[in-house]
Structures are given as structure tokens and as C-alpha cells.
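Written below as C-alpha cells is the structure these notes are about.
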């Protein structure tokens, strides 16, 4: 456990499905690059600063944008600036009206803070423009996720691969006897490369395998 | 894991002993347990939270309900001065432990240690309430009534 970190131990009971949300939810899995290398949030935060304080992760559904955003938010919280802990705010845009709450979040942040916005595409072009202008005026950094480039500096283009799914699954509780390498390939293909959906598919396959074992 | 200058390596763990080794209880029974905190060296624990709760486990949204919660901040009752503790709580009538396919219900005891600084450590220990049989797939699809 790092000096500033959270540790966890779990003594399970019952039968564990390693693909349950408990093990795959945001923050539970270490973010990885497409080729399986460990994602470095500190490098992104440094790039964000040199890019003027606004940046975006771009990629399709289930490609790890939100996972990377959360890793960057945690890294920012854990890295004091000028000896002071850094204010970090997370916002998820579910619909266009949520933009007002995001603008208020930027207004309420002290200079040097970081606002992490998930699903910036919901804000639209004008909303994105207003948000970035306000962030720059306030001296607040803005890091977001978006499905397509939206005019902000791109911190990373997120892609997936079967290798990436395998590396994600390696981080989960043991799954021997529940799913095979072929299941991983089939789930990845069935989910069209969406890692989140592939994990849902693997949950079902693990449950089916367990039911077979019971009967 | 890192070493803080002049201190022992921090590898916290919490050993929990339920009063019933099977860890299986009936609804509305009282659960009694003892715990022992180890691996914290000389590190000062500023607070312990101990709780009992149920939670859902599956592939969608998660839910939970807290049955018992207690926070200890008195240094005399915290590591390194005192490394063990005990508590008891009465279970409600429901929900019971359930091994479903889409969703499972688990009960657990959590002991959470808050260290000086921003560190914390959560130890979770699952136990069973009731004896519901696990969900089983239908061998044959039900036939429609004539």
C-alpha cells in the first residue's frame, strides 16, 4: 500500500463470478494501453498542462476512456501542487442540460483545480466552447472523454484489442474452468470490441459454466 | 507497498473470527465476532469503522443496505495501543444470502482502518444469512398449457 493509497482485502464467501461489476467497475481495474502496457496518468497530466489545460480522451464505447479519466483524477488528487492538495471534480454529462451543472462546477473550482468531464459529446459544440472558455478564464484544467474529436487537444485515442481484454481479465479474480481463451475471443467479437460489453458477455458465460458444474 | 522512513513496512490485514465457524446465520439471529488488526507496525490508526451490510453482486447496478455501523476514534481503542476488538449485531429478517444468476446477494462484515494521512484499508469478510438454494437453470423449457 502506498503512503497515500487505499488498500483492500476480501475474504470471499459463496461462488465468485470474476466478471461481476464489483470487480470490473470504474477504478477497480488498472487502466492499460491498447497493447497491454500500463497507462501512465502522470504523463497525461503533464501533457494536459503543456497543452494549455484542456484535453480529451477520444474513442468509442467501452474503449477505456472513463477508466483513464478516473485514473487521471486520482493521480491529480494524489499529486499536490505547491504543497497543497489539488481540487478535483468529476462530472458525468448524461444529457445536454447537465452542462449547467458542469459550468457551475468550473465556476466553483479554485484556480489550478481539475474538472474531469465524462461524455463531453453531450455538451455539443457550443457547450464545449463555453466550457473550455470558462475553464481557461478561471485557470481551471479540463480533462474530458468524447466519442469523436471535438476541437480540444487529444490526450489519447482509445482503441481496444483482444490482447487488451486478456490483460484486463488477468486483473480479475481467477476464472479457471469458467471461461476459456476461446470464450474471450468470442466475447470480444460479439461485443464488437467494446470491452465493457465483452465483460458482461463473459459474466453470462461464467454463470452458464457454473450452472453446468452444479448440475 | 512502501516503507515510511523509520517505520515498519505497512502491510495491513484484519483477521476476523465469527462466533460460528460455519459463518452461517439465520435471519434475526445475533452475530458476534472478534477481529485482530495486524501488519500496521507503528503506524497510527486515527479511526476504525466496523460495519455489517448486504450488497448485490451481478453485472449491472449495485445496491447495498447497512445493518450495523460503528466508528471508533478513541486512540486508546485503536492500533497500535489496542489491536483487537469485538462487536455484535442483530440480523434483520431479510434479505437472505442468494446465489442467483443475474444477481447475487451477499452479506459481509467490513473493518476499515483510516491511517494518518490519506491512507485507508478495507477488509471485507463474507458470511451467509439463511439457506436459500442457488438458482438452477431449467432442464427443459416449460411447456405452454393447452
Can you find even one residue in segment A:27-34 that is within 14 Å of another protein chain (Cβ to nearest Cβ) and either assigned to a loop (DSSP other than H, G, I, E, B) or closer than 24 Å to residue B:119 by Cα (or both)? yes
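Residues are listed down the side, and each one gets a yes or a no for (1) at pLDDT 95 or above; (2) closer than 30 Å to residue A:79 by Cα:
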site	(1), (2)
B:79	no, yes
B:85	no, no
B:95	yes, no
B:118	no, yes
B:145	no, no
In this structure, does residue A:86 turn out to be closer than 20 Å to residue B:61 by Cβ, in a loop (DSSP other than H, G, I, E, B), over 13 Å from the mean Cα position of the chain (by Cα) and free of Cβ contacts under 8 Å to residues at least 40 places away in the same chain? no
For residue A:76, state whether it is within 14 Å of chain B (Cβ to nearest Cβ) and surrounded by 19 or more Cβ atoms within 10 Å (Cβ to Cβ). yes
Out of curiosity, is residue B:127 touching a strand residue (DSSP E or B) at 6+ places or on another chain (Cβ under 7 Å), within 10 Å of another protein chain (Cβ to nearest Cβ) and at pLDDT below 90? no
Considering residues of segment B:6-51 that are within 11 Å of chain A (Cβ to nearest Cβ) and out of contact with any strand residue (DSSP E or B) (no Cβ under 6 Å at 6 or more places or on another chain) only, the residue nearest to residue B:89 (Cα to Cα): B:22
Please verify whether segment A:160-183 includes one or more residues that are without any contact (Cβ under 8 Å) to a residue 24 or more places away in the chain, outside any loop (DSSP other than H, G, I, E, B) and surrounded by 15 or more Cβ atoms within 10 Å (Cβ to Cβ). yes
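The values are calculated or read from the model by the stated rules, or taken from the named source; none is laboratory data. Only a predicted model underlies this, so the values are computations on that prediction, with no experimental measurement involved. Positions of Cβ are generated from backbone atoms using ideal geometry, with glycine treated the same way; all protein chains shown enter the neighbour counts.
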